[in-house]
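Remarks on the structure that follows.
The values are calculated or read from the model by the stated rules, or taken from the named source; none is laboratory data. Please read these numbers as outputs of a predicted model, since none were measured by experiment. Note that each Cβ is placed from the backbone with ideal geometry, even for glycine, and that neighbours are counted across all protein chains shown. When the accessible area is computed, the model is the full protein with side chains, heavy atoms only, and any ligands, DNA or RNA have been set aside. Shrake-Rupley method; radii C 1.70, N 1.55, O 1.52, S 1.80 Å.
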Amino acid sequence: MNRLVLSILAASAAVATAAESHIDETLPSYKTVSGVSGSLSSVGSDTLNNLMTLWAEGFKKAYPNVTISIEGKGSSTAPPALMEGTAQFGPMSRPMKAEEIDAFEKKFGYKPTQVRVAIDALAVFAHKDNPLKGLTLKQVDGIFSSTRKLGGEDITEWGQLGMDAWKGRPISLYGRNSASGTYGFFQENVLGKGDYKATVKEQPGSSAVVQGIGGDLYALGYSGIGYKTSGVRTLPLSSDGGEFFDATYDNALSGDYPLARFLIVYVNKKPGAALPAAPLQFLTYVLSKEGQTIVEQDGYFPMPAELAQEIVDSLSK
């Protein structure tokens, strides 16, 4: 199953020890530069929509003459927008598929550049008053999938999860639509690339998923951790039926939480050439202390400084 790859930072990341923050204190503060102007556009992930909007607001304070438009209808909308030149940024909550990369490379002669901008723990949410202690990935597959590639039983009601007080009550399912990178990530990493049940209530956005679960005591659904509200709780997960791990920063960074992932912004960068000034500075801001503070405030997990700096350096050469 998917594990977040942060091995180069495991020993060296100087993460703040304060319980309320995981901002790496060695992240540089953003410094404005001259010559930044023009219009920027972002088309892609709904999971990243709030973050892109907040980053844009912060960036515009530094560069009032820059205009930025944000559209978040799903990760699958990012590659076409980059290829057509209608967006400089293609935020995605999953890596591009091979066929998306191939189409881009066929047009431009080189691959799109992947920029990791934040860490997410894709959570399985339950209503805040649901007492369930946790789920194995095999159980999650049995709940959400009609094909059950992980080999578990078909789970349709709460009694099958040991919830005797709710025996016979059907599990109400919420999820994303097929344009969503979160839909694709969950399908690949939980359902073993199997099919979703027809009973999953597909939502156009992550906030609608969480809102639905928060209003339905017998519901389960999945979404990025940044959309967590007081009406829901995250369920600890086990990849193998052994130890259960909740969707926390430490568990995401270590890889113990099985559904940790990077959030990504793709750009069209010619090999051997720096990004133009405006998109380069926007991504530099995103990976600065100010940009990563926004990540944490929006409920996601910030990047370690060493990795952030390595990414910024790669964009300017």
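Among the residues of the stretch 66-100, write down those that are open to solvent by 60 Å² or more (accessible area, probe 1.4 Å), modelled with pLDDT of 95 or more and either touching a Cys at 6+ places or on another chain (Cβ under 9 Å) or among the charged types (D, E, K, R) (or both).
Passing the criteria: E71, E84, K97, E99.
Answer yes or no: is there a residue in the stretch 179-199 that is at pLDDT 95 or above, in a strand (DSSP E or B) and hydroxyl-bearing (S, T, Y).
So far as the stretch 179-199 goes, yes, one or more of its residues are at pLDDT 95 or above, in a strand (DSSP E or B) and hydroxyl-bearing (S, T, Y).
Counting just the residues of the stretch 257-270 that are under 18 Å from Q292 (Cα atoms) and of a type in the set (A, V, I, L, M, F, W, C), which one comes out most open to solvent (accessible area, probe 1.4 Å)?
Applying the filter and picking the extreme gives F262.
List every residue pair whose Cβ atoms sit under 7 Å apart, with the two residues 6 or more apart in sequence or on different chains, where the first one lies in the stretch 148-162 and is closer than 17 Å to N130 by Cα and the second, anywhere, is surrounded by fewer than 16 Cβ atoms within 10 Å (Cβ to Cβ) and among the small types (G, A, S).
The qualifying pairs are E157/G168; G159/G168.
Can you list residue pairs whose Cβ atoms sit under 6 Å apart, with the first residue in the stretch 115-132 being within 22 Å of S239 (Cα to Cα) and the second being assigned to a loop (DSSP other than H, G, I, E, B) and among the aromatic types (F, W, Y)? Count only pairs 6 or more apart in sequence or on different chains.
Within 6 Å, the pairs are D120/Y300; A121/Y257.
Do we find a residue being open to solvent by less than 20 Å² (accessible area, probe 1.4 Å) and either farther than 25 Å from E243 by Cα or of a type outside the set (S, T, N, Q) (or both) anywhere in the stretch 193-202? I'd like the intermediate steps shown before the answer.
Going through the stretch 193-202, the residues open to solvent by less than 20 Å² (accessible area, probe 1.4 Å) turn out to be 194, 200.
Now restrict to residues that are either farther than 25 Å from E243 by Cα or of a type outside the set (S, T, N, Q) (or both): 194, 200.
Among the residues of the stretch 193-202, at least one is open to solvent by less than 20 Å² (accessible area, probe 1.4 Å) and either farther than 25 Å from E243 by Cα or of a type outside the set (S, T, N, Q) (or both), which makes the answer yes.
Results for (1) open to solvent by 10 Å² or more (accessible area, probe 1.4 Å); (2) small (G, A, S); (3) in a helix (DSSP H, G or I), shown as yes or no for each residue.
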residue: G35; (1), (2), (3): yes, yes, no
residue: N50; (1), (2), (3): yes, no, yes
residue: P64; (1), (2), (3): yes, no, no
residue: D102; (1), (2), (3): yes, no, yes
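Among S230, S254, S223, S206, which is surrounded by fewer than 19 Cβ atoms within 10 Å (Cβ to Cβ) and within 17 Å of the chain's Cα centre (by Cα)? First the steps, then the outcome.
Working: S230 fails: within 17 Å of the chain's Cα centre (by Cα); S223 fails: surrounded by fewer than 19 Cβ atoms within 10 Å (Cβ to Cβ); S206 fails: surrounded by fewer than 19 Cβ atoms within 10 Å (Cβ to Cβ).
Exactly one of S230, S254, S223, S206 is surrounded by fewer than 19 Cβ atoms within 10 Å (Cβ to Cβ) and within 17 Å of the chain's Cα centre (by Cα), namely S254.
Mind checking which residues of the stretch 37-48 are part of a strand (DSSP E or B) and hydrophobic (A, V, I, L, M, F, W, C)?
Taking the stretch 37-48 and keeping what is part of a strand (DSSP E or B), we get 38-44.
L40, V43, listed by residue number.
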